[in-house]
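Here's the structure we're looking at; comments come further down.
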Amino acid sequence: MPVFEKAALVFIAVLFHAASCLTGQNNTSTVFSLNTTNSTEMPTSPSAKIKCFCSGCKKSNRTCSAKLGCFSARLSEQLVKKGCLDGDLHQKITCQNAMNLVNCCYKSWCNWNNTPPFITEQPTNSSKRNHLNEEDQSLDFIMLSIFSPLAVLVLLIVVMCLVYKHLQRRQLRKDRYPNLGYSRHSSAGNKLLECWSCQSESDLHPLAQRTSAQDLDLITLIGNGKFAKIWRGLWHGDDVAVKLFHPSTVDLFNNEVSINNVVGNHQNILRLQHSHSAFSWNQISYSCIVTEYHDNGSLFDFINRRTVNIQEMFSLALSAARGLSHLHGEIYQKDETFSIAHCDIKSKNILVKANLTCAIGGLGFAVVDKWKEEISLKKKHRGTPRYMAPEILDDTVFKSFESYKRADMYSFGLVLWEIVRRTSIEGKILEAYALPYHDMVPADPTVEDMKKVVIAQQKRPFVPNRWSENSVLESVVKMIKDCWKQNAPARLSSLRVKKNLSKLMDMVKPAPSNTALSEEYAVISDVNIHIPETFIENHTSVKA
């Protein structure tokens, strides 16, 4: 039994024990007061002999000598008995436990004119007992009315605690893990910057951090990567995505929060809402970030589940290109401009919103041009091997910051290839979903595996000839090939890709769906207009 349940039961027992003790003490005091109402105060040290009037002492001239005092008892309306109190036992029987009205006194001749008044109905033992029982019942009622609500309150608290523990166990059975716990072993030296779109807790009071952590509930595990786990959670009643970094990847956590401080707000960048520097869950200390949650999940999950038409394909591709162009462009903050290279572009790091636009996340490996000292030489291969550019694989990317941006464009070309593969045109699905190089490398390729294919053999994902049957897709295929060129400086920039996709999207926009407008165009097209040939000849000559 848990400690708090034992304490509650002990508290209830103490309450009832106190109630019974109080009831017993009050009953004793009540009996004593009733038995001594007819007694007069007895002297502590009486004199040796007290003279009393004695109604039955005819031989001694109706007088007697007493050791304690005198008494006067009313036996009936006409009969009064007076005499002496010879000892303690006689005094208790006559004065304290008398069956009739008795006045006791402790001075000589004090019972001479001391006669109890006559009462028509004298109290009996049964009436005294009934009166005592009534008072006992009223006292018990008062005590119960005081202690019963307290006992009920404690019982309700115990029941609520038991119900909560039962719900916790049921949640665990359903893989719903509630409440991160605050860890006292968090690193106080990692101070995170304040930003426009997120809140950092490293500078908050520990109590505030604990309160915020208790507002965060983990519901369902939706992703499990090499460096972090992704959970769907609730924070202040809102759906959020919670990214738990493994204890060995604190540097990625710090880098991602710092990069988000620079990125600012952009509709195609995943918004960071909150961050916790160190919290324990399942007896393991994690760093975690809280981001906005999207039901469609990542682009990888989305195009795995369903296909897209050509308009949806351009919506996904163009919004992702806008997010990447924002990172690669000039970001203004506090009289400074920053440029960011993502370094881990892949379909699993791109989220799909409800309106089928994308938001880029996963900025743990990102680098900023102004933070050259932050680029760790120990982590040469930044990102996922399957999506690494040739210059990343052969460790030649560190010549300039622009090399990182060009490497991003190589990875983005692979993402475009994934989207086009799941695009249906005229109801026909071009290809089933597959990862880039799925037919050339193992399921979890290493850097060496990718070097053989990308650098030594200079291969790229297969592009079927039928993709070029559609003029629009043909333009997209050409753009993809320009993104993953072996020569990094020859690749398209993110800005150029964004502009090209925007133009292509304008070409495939559907016609206006306004019914009235469509009918008006139909009426005009049915009207036969006669144009004289001379007018056509004159008009042609003017143009020439």
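Read the figures in this text as sums done on the coordinates, not as results from a lab. Here the structure is a predicted model, which is why all the values come from computation and not from measurement. Reconstructed Cβ throughout: ideal geometry from the backbone, glycine too, with neighbour counts over all protein chains shown.
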Simple spin-label estimate for LYS481 and ILE93 in nanometres, 7 Å along Cα-Cβ:
13.2
Local net charge near THR115, Cβ-Cβ under 14 Å (Lys/Arg +1, Asp/Glu -1)
+2
Can you give the convex hull volume of the alpha carbon atoms of region 308-376 per residue, in Å³?
97
Translational diffusion coefficient (Stokes-Einstein; Kirkwood radius from C-alpha pairs) of region 39-115 at 20 °C, 1.002 mPa s, in µm²/s:
175
Net charge (Lys, Arg +1; Asp, Glu -1) of residues whose beta-carbon lies under 14 Å from that of ASP506, ASP506 excluded, is +4
Dipole of region 407-450, positive direction: furthest Cα of MET440, SER424, GLY413, with charges on the beta-carbon
SER424
Greater than 23 Å apart at Cα, pairs in LYS243/LYS498; LYS58/LYS92; LYS51/LYS81; LYS346/LYS452; LYS348/LYS481
LYS243/LYS498; LYS58/LYS92
Which order results if LYS243, LYS452, LYS229, LYS348 are arranged by neighbouring Cβ count within 10 Å, fewest first?
LYS452, LYS229, LYS348, LYS243
Starting from 0.36 nm per residue, how many nanometres of slack lie between GLN457 and LEU139 once their C-alpha separation is accounted for?
104.7 nm
Which one of GLY87, ASN97, TRP109 has its Cα pushed farthest toward the positive end of the charge dipole of region 39-115, where Lys and Arg give +1 and Asp and Glu give -1 at the Cβ?
TRP109
Lys and Arg at +1, Asp and Glu at -1: neighbours of PRO436 with Cβ under 11 Å from its Cβ sum to +3
